[in-house]
Each structure stands twice: as C-alpha cells, then as structure tokens.
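Presented below is the structure to which this report refers.
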Amino acid sequence: MTFITNAFTALAKSEKEAFGAPDHPVLVVQHPIGTVKIEEVNKRAEAAFDQLIEILLAPEAARAKVA
C-alpha cells in the first residue's frame, strides 16, 4: 500500500502502470501535510482511517474504487 496526498494522484497512477501494478492500493489524504499543525494532521488521519481499514481487510473492493 502507498500513502499519498491528493496532489500526487496522477503521478501515483502513472507509476502503478509503469511498474505493472495497476491494482496496487493507494490511500489518498488531503494535501499538504508537511506544513499543517499536528492537530490537522490528526484530523486527516482519522478521516482516512476507514479507507485504510477497507484496503487492509477488503483489498479487492478497494481496488475497484480506484480510478
């Protein structure tokens, strides 16, 4: 699984295709994360938690949602 911010979704898609792994799971969070306060990072992590669990427990279903 790869964690990225939404600023890198196009890059992630092209990299997955280039490496022959179009179904590689990617968890996307809001950009940026490096310049925001820890409280905001924690909120974003909590918001992404359900997506993380879905990818870990049902990777096939999560892959079907990735564009």
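The values are calculated or read from the model by the stated rules, or taken from the named source; none is laboratory data. Since the model is a prediction, treat every value here as computed from it, not as a measurement. Neighbour counts are summed over all protein chains in view; Cβ atoms, including those assigned to glycine, are modelled from backbone coordinates with ideal geometry.
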Count of residues meeting criterion [surrounded by 12 or more Cβ atoms within 10 Å (Cβ to Cβ) and among the aromatic types (F, W, Y)] in region 4-29 = 1
ask   = Mind checking which residues of region 1-51 are closer than 21 Å to A61 by Cβ and aromatic (F, W, Y)?
value = F3, F49
ask   = Does L52 meet the test of being in contact with a helix residue (DSSP H, G or I) (Cβ under 7 Å, 6 or more places away or on another chain) and either among the small types (G, A, S) or at pLDDT 90 or above (or both)?
value = no
message = For the condition among the small types (G, A, S) and touching a Leu at 6+ places or on another chain (Cβ under 9 Å), what is the one hit in A12, A21, A61, A48?
response = A48
